[in-house]
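Heads up, the thing below is written out as C-alpha cells.
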Amino acid sequence: MLTPSGIAFDSRQVKPGYTYIALPGTKTHGARFAAQAQANGAAEIVTDAQGAALADVQIPVRVVDDPRAEMARMAADLFGRPAESLRMFGVTGTAGKTSTVTLLAAGLEAAGVRAATMGTLGTRMGGETLDLGTTTITTPESPDVQRSLAALLERGAQAVGMEVSSHALVLERVAEINFDVAGFTNLGRDHLDYHHTVEEYYQAKKRLFEPGQFKRAVINISDPFGQRLAKEAGVEVLTLSFDGDADYRLLSAEPRAGHTLVRMATPVDEREFVLGMPGKFSVCNAVLAAAMIDAARIDLVKALPGFANVQVPGRMQRVDLGVDAPQAVVDFAHSPEAIASALGALPGRRIAVLGAGGERDAGKREPMGKAAAENAEIVVVTDDNPRGEDPQLIRDAVLAGARSVPGTEVVDGGGRREAIAKALKLAEPGDWVAVLGKGHETKQQWAGYELPFEDAEVLRQEWSRHVGA
C-alpha cells in the first residue's frame with residue numbers, strides 16, 4: 001500500500017504523489033475522471049469494483065468495498081489522527097446543533113479548556129472563523145475534517161464541538177472519530193430529498209450512537225425519537241429530559257430582563273446558570289451542552305458562567321432597528337418544528353417572513369407554512385434559496401400550508417427584500433418581525449449563481465428606507 005503525499009476526491013485537486021479516491025456519485029462515478037487524476041500526478045487510484053472497471057489508467061488501482069470508509073481511514077492517518085489528541089464532542093439532530101456546539105465551546109472555554117467548533121458557521125476558534133479551505137456543508141468530507149482538526153490542534157485547541165449531519169454519518173465523514181461525548185437534540189422532518197423517509201433519516205442519525213463511535217452519550221428523551229434512540233443505542237447512555245425523569249433534567253427556566261435563569265438537575269446535584277439567549281429551545285440546547293460537558297467530567301461550576309453572554313450568528317439573532325421600531329430577529333429555522341420553536345419563543349404579536357429552499361425536500365413546504373401560521377399573526381411568504389426551481393411554485397406550496405390555518409393573515413411577499421419591507425410596514429412598535437430560513441447566510445442561491453443577501457442587513461436597510469419615506 002502506498003503512503004500518499006495527499007489524498008483528493010476531486011480529480012482537479014490532485015497533486016503529484018496523491019491518492020485519488022474515485023467515489024460513486026448520484027450522477028456519475030469519480031472513476032470517470034481517473035485519467036485526469038493521473039495526468040495531475042496521482043500515484044494511485046482507490047475505488048470500488050464499478051470504478052475499477054471505468055478507470056482506464058496506467059497507475060495502480062486499489063479496489064475496496066467502501067471507498068468512503070477507506071478515504072476516512074487514509075485521511076486520519078495522513079494527518080496524524082488529530083482527533084485522538086482532542087476532546088471531541090459530536091452533536092446531531094434536526095435542530096439546535098449550531099447553538100449547542102457554540103454553547104459547548106463557551107462553557108469549555110470558561111472551564112479553562114481551549115475549544116473550537118466545526119459546523120454550519122464554518123470552523124471557529126476564539127470567536128473567529130478560520131479559513132481552512134473546507135467545504136461549507138455542515139460536516140465537511142473526511143479529508144477536510146481531518147485537515148481542519150490537525151490545524152486546530154496546531155493552533156492550540158484542546159477540544160472541538162462538531163455538528164454531525166445525517167449526510168456525514170451515511171457518507172463516512174466522521175468514521176475515524178471516536179467522540180468523547182455524543183449528543184442528540186431532536187428529530188423532525190428534514191433532508192428527505194436525500195434520505196427519502198423519516199425512518200431512513202432517523203437511522204442515519206442513529207449511526208453516531210453505534211459502539212465505537214462514542215465513549216459517552218447524552219440523548220434528549222423528551223423527543224420521541226430520542227426515547228427510541230436511548231433504547232436502541234446498544235450501550236448505556238445518559239438521558240436528558242425537559243419535562244420528565246432522566247439523568248439530566250430541566251427544573252425551571254425563568255425569563256428575566258435580557259436573559260433566562262435556568263436550573264437543572266445532574267445525576268448528583270442541581271445547578272443554576274444564566275443564559276443570554278432567548279427562547280425555550282435555547283434553554284434546551286444549553287441544558288444539553290451542560291450535560292455533555294458534565295458527561296466529559298469537566299467542572300460545571302466553572303463552565304456554566306460561559307453561557308451568560310453567548311450569541312450565535314443567525315440563531316435568534318436580535319437586530320436593533322432603533323427607537324419606536326418593531327423588535328426584529330433572524331433565525332435559521334427551516335423545518336416545521338424549528339419554525340414553531342422560533343416563533344413560540346417570541347412574546348406578543350408576531351410577523352413571520354419565510355420561504356422554502358428549492359431543490360430540497362418539497363414535502364415540507366406546506367408544513368412549514370402551516371407551522372408559521374399557527375405561531376404568528378401575520379405570515380409573509382417569500383423566496384429562500386430558489387436554486388433551479390420556479391420561485392413562485394415554491395411560494396405557492398408554502399402559501400397553501402399557511403392558508404390552511406384560519407385566522408392568520410397570509411401575504412405573498414414576492415422577493416425576499418420586498419417581503420421584509422412589507423413585514424416592516426405591517427409591524428407596529430412592540431411587534432416582532434421574525435425573518436426565518438437563512439439565518440447567518442450572506443448569499444441567496446439561484447440557478448447557477450449567487451447574490452449577496454444578508455437578512456439582518458436587509459432588515460436594517462428596509463427599516464431605514466421605511467422611516468425615511
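No lab work stands behind these numbers, since they all come straight from the coordinates. Please read all numbers here as calculations on a predicted model, not as lab measurements. Backbone-built Cβ (ideal geometry, glycine too); neighbour counts: all protein chains shown.
For the stretch 1-55, what is the relative contact order in percent, using Cα pairs closer than 8 Å and at least 6 residues apart in sequence? Walk me through the intermediate numbers first.
On the way: 109 pairs, mean separation 19.2, N = 55.
Value for the stretch 1-55: 35 percent.
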Revision key, fill the gap. Highest mean packing first, using Cβ neighbours within 10 angstrom, the peptides 345-358, 277-290, 417-430 sort as 277-290, 345-358, 417-430
Check your understanding: What's the percent breakdown of Cα-Cα distances in the stretch 410-460 across 10 Å bins, shortest bin first?
Key -> 22, 53, 22, 3, 0
Check your understanding: Measuring from the lowest to the highest alpha carbon on each principal axis, how far does the chain reach, largest first, in angstroms?
Key -> 70, 55, 38
Exercise for review: For the stretch 427-433, just list the computed ³J(HN,Hα) in residue order, Karplus coefficients 6.51, -1.76 and 1.60, θ = phi - 60°, integers in Hz, with x standing in for Gly and Pro.
Suggested key: 7, 10, x, x, 6, 10, 9
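For Tyr248, Tyr202, Tyr20, what's the fewest-to-most ordering of other Cβ within 10 Å of each Cβ?
On the way: Tyr248 23, Tyr202 16, Tyr20 33.
Final ranking by Cβ density, sparse to dense: Tyr202, Tyr248, Tyr20.
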Practice item. With θ set to phi - 60°, apply the Karplus curve 6.51 cos²θ - 1.76 cosθ + 1.60 along the stretch 197-208 and write out the HN-Hα couplings as whole Hz, x wherever there is a Gly or Pro. Key: 9, 4, 4, 5, 4, 4, 4, 5, 4, 4, 5, 5
**Study point:** the chain: calculated mean residue ellipticity at 222 nm from DSSP helix runs of at least 4, using -39500 (n - 2.57)
**Key:** -9500 deg cm²/dmol
Review point. Viscosity 1.567 mPa s, temperature 4 °C: Stokes-Einstein D of the stretch 27-134 from its Kirkwood Cα radius, in µm² per second?
Key: 76 µm²/s
Practice item. Quick one: which residues, 5 or more positions from Val61 or on another chain, have an amide H under 5 Å from its amide H? H modelled 1.01 Å from N in the peptide plane, none for Pro or chain starts. Key: Ile45
Point to revise | Amide proton proximity set for Gln444, modelled H, under 5 Å, gap of 5+ | key: Leu451, Phe453
Review point. Based on the inverse mean of 1/r over its pairs of different Cα atoms, what is the Kirkwood hydrodynamic radius of the stretch 317-468, in Å?
Key: 14.9 Å
Point to revise | Under 5 Å, built H, 5+ apart or other chain: amide partners of Gly183 | key: Gly90, Val91, Thr92, Val218
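Placing +1 at every Lys and Arg Cβ and -1 at every Asp and Glu Cβ, with all other atoms neutral, what dipole size does the chain have around its Cα centre, in debye to the nearest 20?
Around 380 debye, computed over the chain.
Dividing the Cα radius of gyration by the Kirkwood radius, what Rg/Rh value follows for the stretch 6-65?
Working: Rg = 9.8 Å, Rh = 10.7 Å.
Expressed as Rg/Rh, it is 0.91.
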Exercise for review: Please work out whether the stretch 80-307 counts as rounded, prolate or oblate from its C-alpha gyration tensor, where a ≥ b ≥ c are the square roots of the eigenvalues and a/c under 1.5 means rounded, while otherwise a/b larger than b/c means prolate and anything else oblate?
Suggested key: oblate
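Cβ neighbours within 10 Å, averaged per peptide: list 250-258, 262-270 in order, most packed at the top. Display every interim value, and only then the final one.
Details: 250-258: 12.3, 262-270: 14.7.
In decreasing order of mean packing, 250-258, 262-270 become 262-270, 250-258.
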Point to revise | Sparse-neighbourhood loop sites, GluC sites (Glu not before Pro) in the stretch 283-382 - DSSP loop, at most 15 other Cβ within 10 angstrom | key: Glu359
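Report the FRET efficiency, 1/(1 + (r/R0)^6), for Ser464 and Asn309, where r is their Cβ-Cβ distance and R0 is 30 Å, rounded to 0.05. Working shown, then result.
On the way: r = 28 Å, r/R0 = 0.93.
Approximately 0.60, to the nearest 0.05.
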Practice item. Give a residue-ordered list of calculated ³J(HN,Hα) values for the stretch 117-126 (Karplus: 6.51 cos²θ - 1.76 cosθ + 1.60, θ = phi - 60°; whole Hz; x for Gly, Pro). Key: 10, 10, x, 4, 7, x, 9, 10, 7, x
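Quick check on my link table: of Lys97/Lys231; Lys370/Lys438; Lys97/Lys215; Lys205/Lys302, which ones sit more than 24 Å apart, alpha carbon to alpha carbon?
Pairs exceeding the cut-off: Lys205/Lys302.
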Review point. Counting alpha carbon pairs within less than 8 Å and at least 6 residues apart, what relative contact order, in whole percent, applies to the chain?
Key: 11 percent
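Could you tell me the relative contact order of the stretch 284-411? Use alpha-carbon pairs under 8 Å, at least six residues apart, and round to a whole percent.
Numbers: 193 pairs, mean separation 24.8, N = 128.
Value for the stretch 284-411: 19 percent.
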